[in-house]
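So the structure is just underneath, and the comments pick up after that.
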Amino acid sequence: MARCVIKDIVNKENSQVSVAGWVHAKRVHGKITFIDLRDASGILQVVFTQQNAELFKIVDAVRPEWVLKISGTIQKRPEKMKNPEIITGDFEMIASTLEVISKAETPPFPIEGSGYDVSEDIRWKYRYLDMRRPRVLEILKQRAKVKRFIRDYLSDRGFLEVDTPILTKSTPEGARDFLVPSRLHPGKFYALPQSPQQYKQLLMVGGIEKYFQFPRCFRDEDLRGDRTLEFDQLDIEMSFVDEADVLKLTEELVIEVSEKVIGKKVQEKPFPRMTYQEAMKQYQSDKPDIRKDKNDKNTFAYLWVTDFPMFEKKDDGSVGAAHHPFTAIHDSDLPKLTDSAKLFDIRARQYDLVLNGHEVFGGSIRTTNPEILTKVFNALGYSSEEIQVRFHHLLEAFSYGVPPHGGIAAGFDRWLMAMLAEPSIREVIPFPTSGSGFTSVMEAPSNVDKKQLSELHIKAV
RNA sequence: GGACCCGUAGCUUAGUUUGGUUAAAGCGCCUCCCUGUCACGGAGGAGAUCACCGGUUCAAGUCCGGCCGGGUCCGCCA
């Protein structure tokens, strides 16, 4: 008999069906035994009685987390015995046959419950067991649902989903790169992308006009509750736009996701906006939490923060880019570019979207004018040689006809964490890494064969 | 790179302040009883090199040093 997924048994009253899944719980009452069988769609109570003595003997040996195939008749439960906690709670199966597909060791931690009280190292080591708990499965479902919605939403509006490389070029400015040694080119390295920033700008030169992607990004920096080594972005770039266009698109998308997909309320629409200056003055933060009720998990407080400073003073006193050098600056601040006393007053056309105090999106209009770019590079102290080495590919591309463009990117995992009110980014990542950077289940980084090292022209330590 | 907290049975924790016989509990696990439970219930039982290495001491889960692992924060994250 073909397998019926558990949530569909509600339409199978009085018919004979077959279900398969894991033993979620077993309750033995002498002459009657209940098994809660769990599959990806839900949980079903299966009843075994002594009327089928042979089957009753078989079920005696069954333990939690065994994989079973059970067939039987779906019946409506007596009124007093319904269970509103599960989707099949008005029904139960009277078992007629049982096949043990796979026995199971006792799990190292309870599958039942939220799992928040189990230490993370053991949850990630056995993440494949941890995700059997309905709470984690629900997060994975929500993650997929949001991604799918955004894909459809942007595709329907003429955006092209384009994949950019994972093996790319090191960019020493910014976060520390993950490096990949080249076998074919001794002593040279690829880097994993920190973001597809330059590629998406090249796509604009390439005439794509409206681009999006969910790129995997990598940053070799210390981890935090809302930061991890690899993460997904929602990356968007558009040609022939200004701030208003990017903010409008983002805001409409974010409202749809928050209200329609996640099903929560948005505190204020349209999203309030404040400049970086105002945020710092009023909240001493560039990502203020403006929730009226911080205990209300059903309302999202989004806030645009705009006009970030273009430059910042680094520890050694030198001038650094607060974001990246291709961020455009306000026209009225252009004269300050050549006045070193006023550099730190220059406002970038940079905007962040803040949700409940988390920076969830960030973007800007880009500078495409070579004269202004040169002045920005000069302000950052780059020599002409450095400019050529680091950015020639983008500058050369711009020389072949570049549309004005701008865009935005979300830290997708962090946004999801904030929307689902999860306590850490690791809860919304299928296979998260620990705080010291060990991966789930597989426990990388690990040692490798000497042969592998020598092929990569690396000496063993 | 720095600060703080944590590591005791499969899981979650108590015990560490003030060193002292056989390390305690709940859940889980095993055995038995139980026909309507749904985290079923009842009775009994097994289960711990107290993360690891070293030091102090007659004696260390407890004090000291180191180290590994987990968490939070600062630095860092253009």
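Computed with the Debye formula from one identical point scatterer per Cα of segment A:224-297, without solvent, the log10 of I(q)/I(0) at q = 0.11, 0.15, 0.22 Å⁻¹ comes to -0.42, -0.80, -1.34. Summarised as an ellipsoid, segment A:345-461 has semi-axes of 36, 29, 13 Å, derived from the eigenvalues of the Cα gyration tensor scaled by 5 and square-rooted, with the largest first.
Sorted from fewest to most neighbouring beta carbons within 10 Å, what does the list A:Tyr283, A:Tyr128 look like?
Ordered by Cβ neighbours within 10 Å, fewest first: A:Tyr128, A:Tyr283.
Expressed as a whole percent, the proportion of Cα-Cα pairs in segment A:6-102 lying more than 21 Å apart is 22%. The stretch between A:Asp289 and A:Gln388, if pulled fully straight at 0.36 nm per residue, gains 31.5 nm over its current Cα-Cα span. The convex hull drawn around the Cα atoms of segment A:277-366, when projected onto a plane and averaged over every direction, covers 6.8 nm². What separates the Cα centres of segment A:396-461 and segment A:347-369 is a distance of 21 Å.
Taking the fewest neighbouring Cβ atoms within 10 Å as the starting point, the ordered list for A:Arg3, A:Arg349, A:Arg127 is A:Arg3, A:Arg127, A:Arg349. Fewest-first ordering of A:Ser340, A:Ser258, A:Ser155 by other beta carbons within 10 Å of each residue's beta carbon gives A:Ser340, A:Ser155, A:Ser258. Estimated from helices alone, the mean residue ellipticity of chain A at 222 nm is -7000 deg cm²/dmol (sum of -39500 (n - 2.57) over DSSP H runs with n ≥ 4, per residue).
What separates the Cα centres of segment A:46-123 and segment A:236-285 is a distance of 46 Å.
Only beta bridges with both residues in chain A are counted; by DSSP, about 90 percent of them are antiparallel.
Size descriptors for chain A (Cα atoms only): Rg and Dmax, in that order, 27.7, 92 Å. The P(r) of segment A:392-461 has a tail past 15 Å containing 74 percent of all C-alpha pairs. Straight-line reach from A:Lys375: taking Cα to Cα under 24 Å and skipping same-chain neighbours fewer than 8 places apart, the lysines in range are A:Lys200, A:Lys313, A:Lys314, A:Lys336, A:Lys342. Of the DSSP H helices in chain A, those that are both long (alpha-carbon extent of 15 Å or more along the helix axis) and hydrophobic (Kyte-Doolittle mean at least 0.0) are A:243-256.
A short reminder: the numbers here are calculations on the coordinates, not readings from a lab. Since we're looking at a predicted model, the values are computed, not measured. Here Cβ is always computed from backbone atoms with ideal geometry, including for glycine, and neighbour counts include all displayed protein chains.
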